[in-house]
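Accompanying notes for the structure given below.
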Amino acid sequence: MNPLSVRLQRSLRILGGMYGLFWLAYFCFAIMGCKEDTGLDPTATAPAAPPSSYVAVVGAGRGDPFWPIIQASAVRYAEDKKTVEVRYLNPHLVSPQAQIDMLESLSDPRMRGLCVQIIDSEAVRPALEKLARRGVVVVSMIQPAPESIRVGHVGFDQFAIGRLLAEATVEALGGQGDIMILHADPQHPVFGPRLTALNEALQLHPGIHVLSRVSGQGNPRDSRRVMADLSARYPRLSAWVMVDDWPLRDAGPTDSFLNPGCRLITFGGTPSHWPLIEDGTITAAVAAHGGDLGTYALMYCLTALGTPTLFETVYHAPLRIVRAANLEEYKRDWHYWLEGDFLHSNAGVSSLVK
């Protein structure tokens with residue numbers, strides 16, 4: 001072979017090897033990464049992690065009878081689980097606007113969940129929609145939020161309340177008597193179903209005559225006025241049946257709208273009703289076992305935060321009819337609920353209607 005050709009081949013092999021080493025070094029540096037001069041101090045402390053998220057439990061307002069037992073049960077559940085911070089907020093008064101103002105003030109991005117004891121579902125809807133669009137998980141209490149907003153609801157079976165109002169009326173009057181019914185808007189999401197169920201149940205008792213169904217529009221003063229006017233026109237009226245206790249709110253003596261001997265059946269059984277049950281003004285009150293409302297609300301909220309689902313969860317508190325004869329039992333249970341003690345109260349609810 002020509003010596004010149006041999007030397008040329010050797011030179012090409014050497015260049016090829018150097019070329020290969022160059023690319024090998026390049027890929028090694030690429031894999032290991034080359035630090036760029038960013039102007040940042042690599043020894044500087046990393047930014048602190050954002051504070052932990054929390055869940056807000058919002059009440060209906062100062063003076064609402066259900067808020068203390070809702071809060072007590074939620075506190076007990078939160079202390080047992082210790083999975084997330086829970087903050088308890090309550091408007092300064094029971095007012096849809098006060099609750100709207102509070103909901104609109106909840107702008108902290110760390111708030112991930114909300115359990116809210118709704119006063120007026122339509123009034124607070126825009127504020128709740130805004131929170132839901134922000135990704136806040138919403139659970140409604142007492143009055144239901146629209147299904148498109150909430151992931152769960154805890155409250156009362158409104159149809160069951162209507163049926164129990166009818167049962168209490170029939171028992172109080174011995175199946176015979178003339179009554180009038182006080183309601184609000186028949187289309188209301190809470191009071192409408194109560195009225196419907198009440199009417200249907202009373203149809204099974206021909207001895208009970210419904211002389212009139214009147215609306216007080218959910219206003220205490222208007223409700224007392226319409227009841228006083230009709231009571232004056234029908235002095236022998238056997239009973240007033242109220243789907244809620246509007247006339248008793250901020251009221252003076254009930255003789256201003258009730259005739260002597262006229263029975264009064266309502267929904268409630270809350271502490272402000274106890275003296276009226278004891279003295280016979282309220283013959284019977286359909287009442288709720290409220291000791292688990294806050295527990296279920298917080299449980300649904302935390303579950304949805306941990307495991308998002310398309311299916312909502314609903315809890316209806318058991319109901320009972322409270323009269324003078326079993327009032328002490330109900331008062332005892334209520335005090336247990338205020339202490340977050342549900343084991344003792346559950347032992348005394350054999351008369352509950354699921």
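Looking at region 52-85 only, could you name the residues that are in a helix (DSSP H, G or I) and either among the basic types (Lys, Arg) or exposed (fewer than 14 other Cβ atoms within 10 Å of the Cβ) (or both)? First the steps, then the outcome.
The initial filter retains those residues of region 52-85 that are in a helix (DSSP H, G or I), namely 67-81.
76, 79, 80, 81, listed by residue number.
Specify the residue that is nearest to residue 178 (Cα to Cα); the eligible residues are those in region 231-245 that are among the hydroxyl-bearing types (Ser, Thr, Tyr) and part of a loop (DSSP other than H, G, I, E, B). Going through the qualifying residues, I end up with 238. Number of residues in region 303-335 that are at pLDDT 95 or above and touching a Phe, Trp or Tyr at 6+ places or on another chain (Cβ under 8 Å) equals 8.
Confirm whether residue 129 is outside the structural domain of residue 206 (by TED's automatic domain parsing), within 26 Å of residue 289 (Cβ to Cβ) and of a type in the set (Asp, Glu). It is false that residue 129 is outside the structural domain of residue 206 (by TED's automatic domain parsing), within 26 Å of residue 289 (Cβ to Cβ) and of a type in the set (Asp, Glu). The set of residues in region 173-190 that are surrounded by 15 or more Cβ atoms within 10 Å (Cβ to Cβ) and either β-branched (Val, Ile, Thr) or modelled with pLDDT of 95 or more (or both) comprises 173, 177, 178, 179, 180, 181, 182, 183, 190.
With of a type outside the set (Asp, Glu) and assigned by TED's automatic domain parsing to the domain that holds residue 83 as the only criterion, which of 270, 313 stands out? Break it down into steps so the answer makes sense when it comes.
Values: 270 fails: assigned by TED's automatic domain parsing to the domain that holds residue 83.
Of 270, 313, the one residue that is of a type outside the set (Asp, Glu) and assigned by TED's automatic domain parsing to the domain that holds residue 83 is 313.
Does residue 281 satisfy the condition of being touching a residue at least 12 places away in the same chain (Cβ under 8 Å), among the polar types (S, T, N, Q) and assigned to a strand (DSSP E or B)? Spelling it out, it is not the case that residue 281 is touching a residue at least 12 places away in the same chain (Cβ under 8 Å), among the polar types (S, T, N, Q) and assigned to a strand (DSSP E or B).
The values are calculated or read from the model by the stated rules, or taken from the named source; none is laboratory data. Owing to the predicted nature of the structure, the values given are computational and were not obtained by experimental measurement. With ideal geometry, Cβ positions are generated from the backbone for all residues, glycine too; neighbour counts draw on all protein chains shown.
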